[in-house]
């Protein structure tokens, strides 16, 4: 077991096997709505230059977790948006994505996931089934909030907390995921690395690092154990890309 001590695991509850509960000071001047789990934005930087901003929200509605995201260019125009709906046990209810011309949905269909892609307004949707269970994760292109949800799921299914702190099974844990825009499925692995000191916007912070890996990529994810394990930074070395929570 890999152990990280002094983690407030009581702040984490079910949302696709993990959700974030409200924890901390109840006397805050402003509080999110009772069903809001997270909200904010990620800046996506390529070679140090911001190229897009992802604005997102995660809410719970009648036991259903709803993850919404939209991508805005540097002028503030929305280029893509998505909505992911999942049950408290992590089962997909519906995923929707669209840009200025095309759209798609993914829904469970018996033992399959069924994707319907509409390439242009008024066009007939093209259907493609995937032999994957409804508990498969959605990890679509360009939406980093999906990576946060997967990280929460890893922490809930592979880690436990006791008097000495958070303990996770050694070695990576594998997940089956669907990438709807690419119309493909793949296997990814997540592994806890441990605490690291990371500089974000000029300030040094101690965060928990996870590695997200596939056959052709390896990303570093840093989450904040003091703030409900929210995703704070992503490093994608092969693409000279860094993602930072605003």
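Restricting attention to region 121-166, the residues being in a loop (DSSP other than H, G, I, E, B), at pLDDT 95 or above and over 21 Å from the mean Cα position of the chain (by Cα) number 1. For residue 114, the conditions (1) in a strand (DSSP E or B); (2) crowded, with 17+ Cβ neighbours inside 10 Å are fulfilled apart from (2). Looking across region 75-111, not a single residue is in contact with a strand residue (DSSP E or B) (Cβ under 6 Å, 6 or more places away or on another chain) and exposed (fewer than 12 other Cβ atoms within 10 Å of the Cβ). For residue 51, state whether it is more than 18 Å from the chain's Cα centre (by Cα), surrounded by 12 or more Cβ atoms within 10 Å (Cβ to Cβ), at pLDDT 95 or above and within 21 Å of residue 246 (Cα to Cα). Judged against the criteria, residue 51 is a match. Within region 152-194, being under 28 Å from residue 105 (Cβ atoms) and out of contact with any strand residue (DSSP E or B) (no Cβ under 9 Å at 6 or more places or on another chain) holds for one residue alone: 182. Going by what's in this entry, would residue 122 be described as in contact with a helix residue (DSSP H, G or I) (Cβ under 9 Å, 6 or more places away or on another chain) and either surrounded by fewer than 13 Cβ atoms within 10 Å (Cβ to Cβ) or at positive phi (or both)? It is false that residue 122 is in contact with a helix residue (DSSP H, G or I) (Cβ under 9 Å, 6 or more places away or on another chain) and either surrounded by fewer than 13 Cβ atoms within 10 Å (Cβ to Cβ) or at positive phi (or both).
The values are calculated or read from the model by the stated rules, or taken from the named source; none is laboratory data. The model shown is predicted, which means the values in this text are computed figures rather than measured ones. All Cβ positions, glycine included, derive from the backbone under ideal geometry; neighbour counts span all protein chains shown.
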